[in-house]
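Single-structure report; data block below.
Computed from the coordinates by the stated procedures, all read-outs in this text should not be read as laboratory data. Source: prediction; values computed, not measured. Glycine also receives a Cβ, built like all others from the backbone with ideal geometry; neighbour counts cover every protein chain displayed.
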Amino acid sequence: MHRSGTKYAGTFRASAAQLSNVGLLSDCMAALIAAIDMTALGTHIYDVPKTLKRMGHAVDHDEGGLTAVVVLSTSHAAIHTWPEIEGARFDVDSCRVFDPAVVDSVLALRLGATDIRGTDVSFVFGQDSAPMLGVRVETTE
């Protein structure tokens with residue numbers, strides 16, 4: 001079997017002030033990428049309501065907060081925030097293995113994240129190269 005990198009995703013809580021601060025989110029993403037030893041190809045951070053208004057679009061009730069996406073040389077990392085409910089969603093996906101506990105530590109340290117509920121949903125590839133999500137398979141030769 002071969003583990004093809006790590007995909008770690010989940011949710012967390014933080015204050016509305018932290019979840020609506022573009023600078024803080026930018027610093028958090030940079031610290032996260034450095035902590036898991038990845039290479040960023042580009043970073044995009046949007047204040048979703050401001051961006052939609054600037055584009056001439058109406059802002060729907062579920063289009064609040066910030067969205068940060070870092071394109072990695074090995075995939076991506078993203079955080080989506082909802083300050084109005086003091087919640088956020090994250091996912092870090094890479095074909096390189098990393099420690100999900102490091103992600104939790106950076107979120108707690110940089111954004112004051114609490115109640116972090118992450119799940120490692122990495123794929124494992126068996127003999128036939130078919131991906132198996134979270135499945136432990138024993139093979140015999």
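Here the residues 62, 115, ranked from fewest to most Cβ neighbours within 10 Å of their Cβ, fall in the order 62, 115. Other residues whose C-beta falls under 11 angstrom from the C-beta of residue 25 contribute a net charge of -1, scoring Lys and Arg +1 and Asp and Glu -1.
Between 75, 116, 98, the Cα set farthest toward the positive side of the dipole of the range 21-126 (charges on each charged residue's Cβ, about the Cα centre) is that of 75. The magnitude of the dipole of the range 7-121, with charges of +1 and -1 set on the Cβ of Lys/Arg and Asp/Glu and taken from the Cα centre, is near 220 debye.
Give me the net charge of residue 116's neighbourhood, meaning all other residues with Cβ under 12 Å from the Cβ of residue 116; Lys, Arg count +1, Asp, Glu -1. Can you show the working numbers first?
Working: positive: 13, 89, 117; negative: 104, 115.
For residues surrounding residue 116, the net value is +1.
What does the highest-first list of 38-49, 94-105 look like by mean Cβ count within 10 Å? Don't jump to the answer; show the numbers that get you there.
Values: 38-49: 14.4, 94-105: 16.3.
The packing order, highest mean first, is 94-105, 38-49.
Can you tell me the FRET efficiency between residue 62 and residue 109 if r is taken as the Cβ-Cβ distance and R0 is 35 Å, rounded to the nearest 0.05? Write down the numbers at each step before the final one.
Values: r = 29 Å, r/R0 = 0.82.
Step by step, r from the Cβ atoms, then E = 0.75.
With a Förster radius of 22 Å, plug the Cβ-Cβ distance of residue 99 and residue 45 into 1/(1 + (r/R0)^6) and report the FRET value to the nearest 0.05. Show your work: numbers first, answer last.
Working: r = 25 Å, r/R0 = 1.11.
After rounding to 0.05, the efficiency reads 0.35.
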